[in-house]
């Protein structure tokens, strides 16, 4: 979504899923997580993994490098605002656990993901938002967890969607289609509608512009995200309940900023329901999470 962007693991192996206690204090995620894991299913063979040829116009390493810098600046700003969740935060542990189940499937869809230094952080803000920058830099705003009272399966639907944006290189695609702008700013503009950061407003985040992914990008991320979450053992039907909650939250009021370029909630629900016959068998065959977390208060 901007609600709004990987090495393989066989779906039959749960031993490679590392519990939250593995996360290092420096928030460097997934280091050594995938060692010894088997090959993931060949997601690249299905249409949902197809990337736009436009992405080739901008070097991936350049985009990912700029994203790393902006993500680090964002974390520094959040830390200064005392809005960056510590490693001991239960909801942060929840996000990292769910990500750790999804990430092993990503390299099968985008080979670069195996080298990404994945990170997951939780930012204190009332915004209903989450994102994944190029190179696997993930952040959730606390508002999307607390306001919607999301269950683990619903969180996994958001996580899968955001990771799908990165795998499909939507930010890189939009940068390639734009001209006359310094690359770092173009990246910020492409990052899933971060825009004004509300409660976390700070100079370190001011360079994130409000340009959002197109509706086509969002639909692509929905489709791939459902597959990733289902393979990680999370029920894809939660995509329906997630968007029901989103629709209820925005009823009678202006939608969240990022929602303005997204498909309407009812359209999204209908599309997800149409995809369930394809993804439900993936969920049925997947090992299920050995840990469940309470919804955010």
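The values are calculated or read from the model by the stated rules, or taken from the named source; none is laboratory data. Worth saying up front: this structure is predicted, and the values here are computed from it rather than measured. Cβ sites come from the backbone with ideal geometry, for glycine too, and all protein chains shown count toward neighbours.
Data overview
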read-out: Which numbered condition residue 198 fails, given (1) crowded, with 19+ Cβ neighbours inside 10 Å; (2) modelled with pLDDT under 90; value: (1)
read-out: Some residue of segment 82-101 being buried (at least 20 other Cβ atoms within 10 Å of the Cβ), under 22 Å from residue 218 (Cα atoms) and modelled with pLDDT under 90; value: no
read-out: Scan of segment 80-99 for residues that are more than 18 Å from residue 67 (Cβ to Cβ) and assigned to a helix (DSSP H, G or I), ordered by number; value: 80, 90, 91, 92, 93, 94, 95, 96, 97, 98
read-out: Segment 135-144, residues that are within 19 Å of residue 226 (Cα to Cα) and assigned to a helix (DSSP H, G or I); value: 144
read-out: Some residue of segment 57-65 being modelled with pLDDT of 90 or more, crowded, with 16+ Cβ neighbours inside 10 Å and under 23 Å from residue 158 (Cβ atoms); value: no
read-out: Hits in segment 121-136 - residues which are crowded, with 24+ Cβ neighbours inside 10 Å, touching a strand residue (DSSP E or B) at 6+ places or on another chain (Cβ under 6 Å) and either within 18 Å of residue 88 (Cα to Cα) or modelled with pLDDT of 95 or more (or both); value: 122, 123
read-out: Members of segment 100-134 that are under 30 Å from residue 250 (Cβ atoms), touching a helix residue (DSSP H, G or I) at 6+ places or on another chain (Cβ under 6 Å) and part of a helix (DSSP H, G or I); value: 102
